[in-house]
Amino acid sequence: MSSNTVIVVGAGVIGASIAYHLASQGAEVLLVDAALPGFGATRHSFGWIGRSPGDVSPAGELRALGRLHWERLRKEVPELDVHWCGAVVWGEFFSGDDAVLSDDAAVREPNLVSPPSRSEFRSDDGWLDATSATESLIRAAQQAGAKVRLGTPVTRLVRVDDGTVVGVMLGSETLTASTVVVAAGTGSTALCASAGFVLPMVSSPSVMVRLQAPVGIVTGIVANDRFEARQSRDGMVLMPVDHDGESSMAALMRIGEAAQRLFVESFTGAAQTRLVGVDIGWRPMLADGDPSVGYTGVPGLYVAVAHPGVTLASVIGDAVADEILTHETRAELALFQPR
Ligand SMILES: Cc1cc2nc3c(=O)[nH]c(=O)nc-3n(C[C@H](O)[C@H](O)[C@H](O)COP(=O)(O)OP(=O)(O)OC[C@H]3O[C@@H](n4cnc5c(N)ncnc54)[C@H](O)[C@@H]3O)c2cc1C
(Lines give C-alpha, C1' and ligand atoms only; values in the text may rest on other atoms or scores of the structure.)
Protein backbone atom coordinates (compact mmCIF):
# COMPACT_ATOMS: atom_id res chain seq x y z
CA MET A 1 0.00 0.00 0.00
CA SER A 2 1.57 3.31 -1.05
CA SER A 3 1.62 6.08 1.56
CA ASN A 4 -0.51 8.26 -0.68
CA THR A 5 -3.37 5.91 -1.50
CA VAL A 6 -6.61 7.62 -0.57
CA ILE A 7 -10.24 6.53 -0.74
CA VAL A 8 -12.62 9.50 -0.70
CA VAL A 9 -16.16 8.50 0.26
CA GLY A 10 -18.75 10.92 -1.14
CA ALA A 11 -18.85 12.55 -4.57
CA GLY A 12 -20.58 15.74 -3.45
CA VAL A 13 -18.91 19.08 -4.06
CA ILE A 14 -16.54 18.59 -1.10
CA GLY A 15 -15.45 15.03 -1.95
CA ALA A 16 -15.04 15.99 -5.62
CA SER A 17 -12.80 18.91 -4.71
CA ILE A 18 -10.71 16.76 -2.37
CA ALA A 19 -10.34 14.05 -5.04
CA TYR A 20 -9.31 16.63 -7.64
CA HIS A 21 -6.72 18.29 -5.41
CA LEU A 22 -5.24 14.96 -4.29
CA ALA A 23 -5.07 13.48 -7.78
CA SER A 24 -3.58 16.60 -9.31
CA GLN A 25 -0.77 16.38 -6.75
CA GLY A 26 0.01 12.79 -7.64
CA ALA A 27 -1.90 10.82 -5.01
CA GLU A 28 -3.56 7.55 -5.96
CA VAL A 29 -7.24 8.33 -5.43
CA LEU A 30 -10.46 6.36 -5.52
CA LEU A 31 -13.67 8.41 -5.22
CA VAL A 32 -16.69 6.33 -4.23
CA ASP A 33 -20.35 7.32 -4.06
CA ALA A 34 -23.55 5.47 -3.26
CA ALA A 35 -25.32 7.42 -6.01
CA LEU A 36 -24.27 9.91 -8.71
CA PRO A 37 -22.04 13.01 -8.36
CA GLY A 38 -23.77 15.72 -6.35
CA PHE A 39 -26.78 13.57 -5.46
CA GLY A 40 -26.69 14.55 -1.78
CA ALA A 41 -27.08 18.12 -0.53
CA THR A 42 -25.07 19.45 -3.46
CA ARG A 43 -27.83 19.14 -6.06
CA HIS A 44 -30.25 21.16 -3.90
CA SER A 45 -27.81 23.99 -3.32
CA PHE A 46 -28.35 27.66 -4.11
CA GLY A 47 -24.64 27.71 -4.88
CA TRP A 48 -23.95 31.15 -3.39
CA ILE A 49 -20.23 31.65 -2.87
CA GLY A 50 -19.69 34.40 -0.37
CA ARG A 51 -19.52 35.58 3.16
CA SER A 52 -20.67 38.52 5.18
CA PRO A 53 -17.81 41.09 4.93
CA GLY A 54 -18.17 41.90 8.64
CA ASP A 55 -17.64 38.27 9.62
CA VAL A 56 -14.06 38.08 10.87
CA SER A 57 -14.60 34.84 12.78
CA PRO A 58 -12.34 31.91 11.79
CA ALA A 59 -15.28 30.35 9.91
CA GLY A 60 -15.87 33.68 8.13
CA GLU A 61 -12.20 33.86 7.18
CA LEU A 62 -12.41 30.32 5.80
CA ARG A 63 -15.34 31.39 3.62
CA ALA A 64 -13.30 34.30 2.30
CA LEU A 65 -10.56 31.83 1.38
CA GLY A 66 -13.19 29.65 -0.27
CA ARG A 67 -14.05 32.51 -2.58
CA LEU A 68 -10.39 33.06 -3.50
CA HIS A 69 -9.82 29.36 -4.12
CA TRP A 70 -12.81 29.11 -6.46
CA GLU A 71 -11.25 31.85 -8.53
CA ARG A 72 -7.98 29.93 -8.65
CA LEU A 73 -9.75 26.65 -9.40
CA ARG A 74 -11.56 28.21 -12.31
CA LYS A 75 -8.19 28.88 -13.92
CA GLU A 76 -7.09 25.27 -13.37
CA VAL A 77 -10.41 23.74 -14.45
CA PRO A 78 -11.67 26.03 -17.23
CA GLU A 79 -15.03 24.29 -17.56
CA LEU A 80 -15.99 25.47 -14.04
CA ASP A 81 -18.66 28.09 -14.62
CA VAL A 82 -18.51 30.52 -11.70
CA HIS A 83 -20.63 33.66 -12.03
CA TRP A 84 -18.92 36.51 -10.16
CA CYS A 85 -22.01 38.70 -10.40
CA GLY A 86 -22.09 40.12 -6.86
CA ALA A 87 -25.04 40.15 -4.48
CA VAL A 88 -27.50 42.94 -3.71
CA VAL A 89 -28.66 42.38 -0.13
CA TRP A 90 -30.73 44.24 2.40
CA GLY A 91 -32.72 43.67 5.59
CA GLU A 92 -31.60 40.62 7.53
CA PHE A 93 -28.73 40.06 5.09
CA PHE A 94 -26.92 43.31 5.98
CA SER A 95 -23.38 42.64 7.14
CA GLY A 96 -23.90 44.60 10.34
CA ASP A 97 -22.51 47.94 11.45
CA ASP A 98 -19.69 47.72 8.91
CA ALA A 99 -22.03 47.36 5.93
CA VAL A 100 -21.35 49.88 3.16
CA LEU A 101 -24.79 50.96 2.01
CA SER A 102 -25.73 52.58 -1.26
CA ASP A 103 -28.84 53.61 -3.16
CA ASP A 104 -28.06 51.81 -6.42
CA ALA A 105 -30.14 48.61 -6.08
CA ALA A 106 -32.39 49.82 -8.91
CA VAL A 107 -29.36 50.18 -11.18
CA ARG A 108 -27.88 46.81 -10.30
CA GLU A 109 -31.22 45.00 -10.42
CA PRO A 110 -33.31 47.10 -12.83
CA ASN A 111 -36.28 44.71 -12.73
CA LEU A 112 -36.91 45.02 -8.99
CA VAL A 113 -40.43 46.41 -8.56
CA SER A 114 -39.64 48.04 -5.19
CA PRO A 115 -35.89 48.51 -4.92
CA PRO A 116 -34.80 49.39 -1.38
CA SER A 117 -33.57 52.92 -0.75
CA ARG A 118 -30.49 51.46 0.99
CA SER A 119 -28.84 48.17 0.10
CA GLU A 120 -25.42 46.57 0.32
CA PHE A 121 -23.60 45.32 -2.77
CA ARG A 122 -21.26 42.42 -2.09
CA SER A 123 -19.07 42.68 -5.14
CA ASP A 124 -16.97 39.62 -4.25
CA ASP A 125 -19.89 37.20 -4.18
CA GLY A 126 -20.94 34.86 -6.93
CA TRP A 127 -22.69 31.58 -7.60
CA LEU A 128 -22.19 28.34 -9.43
CA ASP A 129 -24.32 25.38 -10.36
CA ALA A 130 -23.10 23.03 -7.64
CA THR A 131 -23.90 19.79 -9.49
CA SER A 132 -22.17 20.91 -12.69
CA ALA A 133 -19.17 22.12 -10.69
CA THR A 134 -18.99 18.75 -8.93
CA GLU A 135 -19.08 16.92 -12.25
CA SER A 136 -16.38 19.21 -13.64
CA LEU A 137 -14.11 18.59 -10.66
CA ILE A 138 -14.61 14.84 -10.98
CA ARG A 139 -13.73 14.93 -14.68
CA ALA A 140 -10.61 16.94 -13.83
CA ALA A 141 -9.74 14.45 -11.08
CA GLN A 142 -10.13 11.57 -13.54
CA GLN A 143 -7.90 13.34 -16.05
CA ALA A 144 -5.31 13.55 -13.26
CA GLY A 145 -5.60 9.80 -12.70
CA ALA A 146 -8.32 9.42 -10.05
CA LYS A 147 -10.60 6.39 -10.26
CA VAL A 148 -14.33 6.83 -9.63
CA ARG A 149 -16.94 4.28 -8.59
CA LEU A 150 -20.55 5.43 -8.54
CA GLY A 151 -23.70 3.67 -7.37
CA THR A 152 -21.68 1.73 -4.82
CA PRO A 153 -22.48 2.48 -1.16
CA VAL A 154 -19.73 2.03 1.38
CA THR A 155 -21.34 -0.22 3.96
CA ARG A 156 -18.68 0.31 6.62
CA LEU A 157 -15.09 1.27 7.24
CA VAL A 158 -12.53 -1.51 7.70
CA ARG A 159 -10.27 -1.51 10.76
CA VAL A 160 -7.42 -3.77 11.80
CA ASP A 161 -6.73 -5.00 15.34
CA ASP A 162 -4.95 -1.84 16.52
CA GLY A 163 -7.98 0.23 15.43
CA THR A 164 -6.40 1.74 12.30
CA VAL A 165 -8.81 2.31 9.41
CA VAL A 166 -7.33 0.57 6.39
CA GLY A 167 -10.15 0.70 3.88
CA VAL A 168 -13.85 0.43 3.14
CA MET A 169 -16.38 -2.29 2.45
CA LEU A 170 -18.42 -1.99 -0.74
CA GLY A 171 -20.92 -4.77 -0.14
CA SER A 172 -18.76 -7.88 0.10
CA GLU A 173 -15.74 -6.23 -1.53
CA THR A 174 -12.92 -4.79 0.59
CA LEU A 175 -10.86 -1.89 -0.77
CA THR A 176 -7.74 -0.73 1.06
CA ALA A 177 -5.97 2.62 1.31
CA SER A 178 -3.56 4.42 3.59
CA THR A 179 -6.17 7.12 4.29
CA VAL A 180 -9.97 7.04 4.08
CA VAL A 181 -11.56 10.48 3.75
CA VAL A 182 -15.21 10.51 4.79
CA ALA A 183 -16.86 13.36 2.86
CA ALA A 184 -20.24 11.68 2.75
CA GLY A 185 -22.39 14.62 3.87
CA THR A 186 -25.25 13.44 6.07
CA GLY A 187 -24.01 9.85 5.59
CA SER A 188 -20.75 10.66 7.37
CA THR A 189 -21.98 10.02 10.91
CA ALA A 190 -22.91 6.39 10.24
CA LEU A 191 -19.65 5.67 8.43
CA CYS A 192 -17.57 7.24 11.20
CA ALA A 193 -19.53 5.27 13.79
CA SER A 194 -18.50 2.06 12.03
CA ALA A 195 -14.92 2.97 13.00
CA GLY A 196 -15.83 4.06 16.52
CA PHE A 197 -15.66 7.79 15.83
CA VAL A 198 -18.58 10.01 16.92
CA LEU A 199 -19.47 12.82 14.50
CA PRO A 200 -22.32 14.85 16.04
CA MET A 201 -24.35 15.89 13.00
CA VAL A 202 -27.55 17.96 13.11
CA SER A 203 -28.47 17.90 9.42
CA SER A 204 -30.74 20.80 8.64
CA PRO A 205 -33.45 20.73 5.94
CA SER A 206 -34.11 23.54 3.48
CA VAL A 207 -36.50 23.81 0.54
CA MET A 208 -35.34 24.72 -2.96
CA VAL A 209 -37.90 26.18 -5.38
CA ARG A 210 -37.10 26.22 -9.10
CA LEU A 211 -38.90 28.59 -11.45
CA GLN A 212 -38.63 29.03 -15.20
CA ALA A 213 -38.73 32.77 -15.88
CA PRO A 214 -38.05 34.96 -18.90
CA VAL A 215 -34.29 35.28 -19.39
CA GLY A 216 -32.53 38.27 -17.83
CA ILE A 217 -34.93 39.17 -15.02
CA VAL A 218 -32.36 38.86 -12.19
CA THR A 219 -28.82 40.11 -12.80
CA GLY A 220 -26.94 38.73 -9.80
CA ILE A 221 -27.89 37.38 -6.39
CA VAL A 222 -30.71 39.20 -4.58
CA ALA A 223 -31.32 38.49 -0.89
CA ASN A 224 -33.52 40.25 1.63
CA ASP A 225 -36.05 39.59 4.40
CA ARG A 226 -38.60 38.21 1.94
CA PHE A 227 -36.63 36.10 -0.53
CA GLU A 228 -33.32 34.99 -2.02
CA ALA A 229 -33.08 34.54 -5.78
CA ARG A 230 -30.64 34.14 -8.63
CA GLN A 231 -31.14 33.27 -12.28
CA SER A 232 -29.17 31.20 -14.81
CA ARG A 233 -28.63 32.18 -18.42
CA ASP A 234 -31.37 29.75 -19.49
CA GLY A 235 -33.91 31.58 -17.30
CA MET A 236 -33.98 29.09 -14.41
CA VAL A 237 -34.51 30.87 -11.08
CA LEU A 238 -33.54 29.29 -7.76
CA MET A 239 -35.20 30.43 -4.54
CA PRO A 240 -34.25 28.71 -1.27
CA VAL A 241 -37.01 28.77 1.34
CA ASP A 242 -36.95 27.80 5.03
CA HIS A 243 -38.32 24.36 5.76
CA ASP A 244 -41.00 24.44 8.42
CA GLY A 245 -41.70 20.75 8.78
CA GLU A 246 -43.72 20.41 5.55
CA SER A 247 -43.63 16.82 4.37
CA SER A 248 -46.55 16.29 1.99
CA MET A 249 -46.29 17.00 -1.72
CA ALA A 250 -49.29 19.35 -1.43
CA ALA A 251 -47.58 21.40 1.30
CA LEU A 252 -44.37 21.61 -0.74
CA MET A 253 -46.32 22.71 -3.82
CA ARG A 254 -47.91 25.48 -1.74
CA ILE A 255 -44.42 26.68 -0.78
CA GLY A 256 -43.44 26.64 -4.45
CA GLU A 257 -46.55 28.55 -5.53
CA ALA A 258 -46.00 31.16 -2.80
CA ALA A 259 -42.39 31.62 -3.97
CA GLN A 260 -43.58 31.94 -7.57
CA ARG A 261 -46.11 34.65 -6.60
CA LEU A 262 -43.45 36.48 -4.60
CA PHE A 263 -41.06 36.38 -7.56
CA VAL A 264 -43.71 37.65 -9.99
CA GLU A 265 -44.66 40.47 -7.58
CA SER A 266 -41.03 41.42 -6.97
CA PHE A 267 -39.72 41.64 -10.55
CA THR A 268 -41.15 43.38 -13.59
CA GLY A 269 -41.43 41.22 -16.70
CA ALA A 270 -41.81 38.05 -14.60
CA ALA A 271 -45.52 37.40 -15.20
CA GLN A 272 -44.89 34.33 -17.37
CA THR A 273 -42.82 32.61 -14.68
CA ARG A 274 -43.67 28.92 -14.17
CA LEU A 275 -43.05 26.71 -11.16
CA VAL A 276 -40.92 23.76 -12.28
CA GLY A 277 -39.81 22.08 -9.08
CA VAL A 278 -39.77 22.02 -5.29
CA ASP A 279 -37.54 19.75 -3.25
CA ILE A 280 -36.05 19.38 0.20
CA GLY A 281 -32.30 19.21 0.70
CA TRP A 282 -30.55 18.21 3.91
CA ARG A 283 -27.56 20.39 4.72
CA PRO A 284 -24.78 18.43 6.40
CA MET A 285 -24.06 20.49 9.53
CA LEU A 286 -22.23 19.78 12.73
CA ALA A 287 -23.84 20.50 16.09
CA ASP A 288 -21.68 23.62 16.66
CA GLY A 289 -22.21 24.88 13.09
CA ASP A 290 -18.48 24.88 12.35
CA PRO A 291 -16.74 22.73 9.74
CA SER A 292 -15.23 19.46 10.92
CA VAL A 293 -12.21 18.76 8.74
CA GLY A 294 -9.13 16.77 9.67
CA TYR A 295 -7.76 13.55 11.11
CA THR A 296 -10.10 12.08 13.67
CA GLY A 297 -7.77 10.48 16.16
CA VAL A 298 -8.65 7.10 14.64
CA PRO A 299 -5.51 6.34 12.58
CA GLY A 300 -6.21 6.34 8.85
CA LEU A 301 -9.57 8.13 9.19
CA TYR A 302 -10.00 11.70 7.95
CA VAL A 303 -13.32 13.59 7.96
CA ALA A 304 -14.48 16.52 5.81
CA VAL A 305 -17.95 17.85 6.62
CA ALA A 306 -18.70 21.56 6.36
CA HIS A 307 -21.40 24.15 5.84
CA PRO A 308 -21.76 26.17 3.66
CA GLY A 309 -20.15 23.44 1.64
CA VAL A 310 -20.21 25.01 -1.81
CA THR A 311 -18.41 28.14 -0.64
CA LEU A 312 -15.90 26.07 1.32
CA ALA A 313 -15.32 23.12 -1.05
CA SER A 314 -12.53 24.87 -2.95
CA VAL A 315 -10.36 25.75 0.04
CA ILE A 316 -11.19 22.51 1.84
CA GLY A 317 -10.12 20.44 -1.17
CA ASP A 318 -6.82 22.28 -1.36
CA ALA A 319 -6.10 22.15 2.37
CA VAL A 320 -7.16 18.52 2.85
CA ALA A 321 -4.94 17.34 0.00
CA ASP A 322 -2.05 19.26 1.51
CA GLU A 323 -2.61 17.85 5.00
CA ILE A 324 -2.81 14.28 3.72
CA LEU A 325 0.21 14.59 1.47
CA THR A 326 2.47 16.56 3.85
CA HIS A 327 1.15 15.27 7.21
CA GLU A 328 1.14 18.85 8.44
CA THR A 329 -1.93 20.71 9.70
CA ARG A 330 -2.93 23.64 7.54
CA ALA A 331 -3.34 26.83 9.54
CA GLU A 332 -6.81 27.61 8.16
CA LEU A 333 -8.11 24.20 9.30
CA ALA A 334 -6.42 24.14 12.70
CA LEU A 335 -9.53 25.37 14.54
CA PHE A 336 -11.84 22.94 12.77
CA GLN A 337 -10.24 19.62 13.67
CA PRO A 338 -12.79 16.89 14.42
CA ARG A 339 -13.29 16.57 18.16
C1 LIG B 1 -31.45 24.23 -0.13
C2 LIG B 1 -29.97 24.37 0.09
C3 LIG B 1 -29.33 25.56 -0.25
C4 LIG B 1 -27.95 25.68 -0.04
N5 LIG B 1 -27.34 26.83 -0.43
C6 LIG B 1 -26.00 26.96 -0.28
C7 LIG B 1 -25.34 28.12 -0.75
O8 LIG B 1 -25.96 29.03 -1.30
N9 LIG B 1 -23.99 28.20 -0.60
C10 LIG B 1 -23.26 27.20 -0.01
O11 LIG B 1 -22.04 27.33 0.10
N12 LIG B 1 -23.87 26.08 0.45
C13 LIG B 1 -25.21 25.95 0.32
N14 LIG B 1 -25.85 24.82 0.75
C15 LIG B 1 -25.05 23.80 1.44
C16 LIG B 1 -24.28 22.96 0.45
O17 LIG B 1 -25.11 22.56 -0.60
C18 LIG B 1 -23.72 21.74 1.19
O19 LIG B 1 -22.95 22.20 2.30
C20 LIG B 1 -22.81 20.93 0.27
O21 LIG B 1 -23.47 20.57 -0.92
C22 LIG B 1 -22.34 19.70 1.00
O23 LIG B 1 -21.54 18.96 0.12
P24 LIG B 1 -20.94 17.57 0.56
O25 LIG B 1 -20.07 17.12 -0.55
O26 LIG B 1 -20.36 17.68 1.93
O27 LIG B 1 -22.21 16.63 0.78
P28 LIG B 1 -23.23 15.99 -0.25
O29 LIG B 1 -23.47 16.84 -1.42
O30 LIG B 1 -24.41 15.59 0.56
O31 LIG B 1 -22.46 14.71 -0.77
C32 LIG B 1 -22.28 13.57 0.02
C33 LIG B 1 -22.22 12.38 -0.90
O34 LIG B 1 -21.90 11.24 -0.11
C35 LIG B 1 -22.59 10.14 -0.63
N36 LIG B 1 -22.70 9.13 0.42
C37 LIG B 1 -23.32 9.23 1.62
N38 LIG B 1 -23.19 8.09 2.31
C39 LIG B 1 -22.45 7.26 1.53
C40 LIG B 1 -21.98 5.93 1.69
N41 LIG B 1 -22.22 5.20 2.79
N42 LIG B 1 -21.26 5.37 0.68
C43 LIG B 1 -20.98 6.08 -0.44
N44 LIG B 1 -21.41 7.33 -0.64
C45 LIG B 1 -22.13 7.92 0.34
C46 LIG B 1 -23.94 10.70 -1.07
O47 LIG B 1 -24.53 9.90 -2.07
C48 LIG B 1 -23.54 12.08 -1.58
O49 LIG B 1 -23.35 12.09 -2.98
C50 LIG B 1 -27.21 24.63 0.53
C51 LIG B 1 -27.84 23.43 0.85
C52 LIG B 1 -29.21 23.29 0.62
C53 LIG B 1 -29.86 21.98 0.94
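The values are calculated or read from the model by the stated rules, or taken from the named source; none is laboratory data. No experiment lies behind these values; they were computed from the predicted model shown. Virtual Cβ from ideal backbone geometry, glycine too; neighbours counted across all protein chains shown. Surface areas here come from the heavy atoms of the whole protein model, side chains and all, with no ligands, DNA or RNA. Shrake-Rupley method; radii C 1.70, N 1.55, O 1.52, S 1.80 Å.
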query = Hey, any hits in the range 313-332 for a residue that's outside any loop (DSSP other than H, G, I, E, B), modelled with pLDDT under 95 and within 23 Å of Gly38 (Cα to Cα)?
reply = no
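Considering Gly38, Gly12, which residue is open to solvent by less than 10 Å² (accessible area, probe 1.4 Å) and within 8 Å of the ligand (Cβ to nearest atom)? Walk me through it before giving the result.
On the way: Gly12 fails: open to solvent by less than 10 Å² (accessible area, probe 1.4 Å).
The unique qualifying residue is Gly38.
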request  = Filter the range 140-162 for residues that are within 16 Å of Val181 (Cα to Cα) and either at pLDDT below 95 or of a type in the set (Gly, Ala, Ser) (or both) and give the result.
outcome  = Ala141, Ala146
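Within the range 187-201, is even one residue free of Cβ contacts under 8 Å to residues at least 12 places away in the same chain and touching a helix residue (DSSP H, G or I) at 6+ places or on another chain (Cβ under 8 Å)?
Yes, because at least one residue in the range 187-201 is free of Cβ contacts under 8 Å to residues at least 12 places away in the same chain and touching a helix residue (DSSP H, G or I) at 6+ places or on another chain (Cβ under 8 Å).
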request  = May I ask you to say which residue of Asp55, Asp33 is in contact (Cβ under 8 Å) with a residue 12 or more places away in the chain, over 30 Å from Gly167 (Cα atoms) and either among the basic types (Lys, Arg) or within 16 Å of the ligand (Cβ to nearest atom) (or both)?
outcome  = Asp55
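Could you list, in sequence order, all residues of the range 244-256 that are in contact with a Leu (Cβ under 6 Å, 6 or more places away or on another chain) and over 18 Å from Ser204 (Cα atoms)?
Quick first cut of the range 244-256, residues in contact with a Leu (Cβ under 6 Å, 6 or more places away or on another chain) only: 246, 256.
Result: Gly256, single match.
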message = Checking Pro214 against (1) within 16 Å of the ligand (Cβ to nearest atom); (2) of a type outside the set (Gly, Ala, Ser); (3) farther than 25 Å from Ser95 by Cβ; (4) open to solvent by 20 Å² or more (accessible area, probe 1.4 Å), only one condition comes out false. Which one?
response = (1)
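What are the residues in the range 90-110 that are in a loop (DSSP other than H, G, I, E, B) and within 19 Å of Asp225 (Cβ to Cβ), if any? So that I can check it myself, show each step before the final result.
In the first step, residues of the range 90-110 are kept if they are in a loop (DSSP other than H, G, I, E, B); the result is 90, 94-100, 103-104, 109-110.
Trp90, Phe94, Ser95, Gly96, Asp97, Ala99, Asp103, Glu109, listed by residue number.
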ask   = If you scan the range 162-199, which residues turn out to be hydroxyl-bearing (Ser, Thr, Tyr) and within 12 Å of the ligand (Cβ to nearest atom)?
value = Thr186, Ser188, Thr189, Ser194
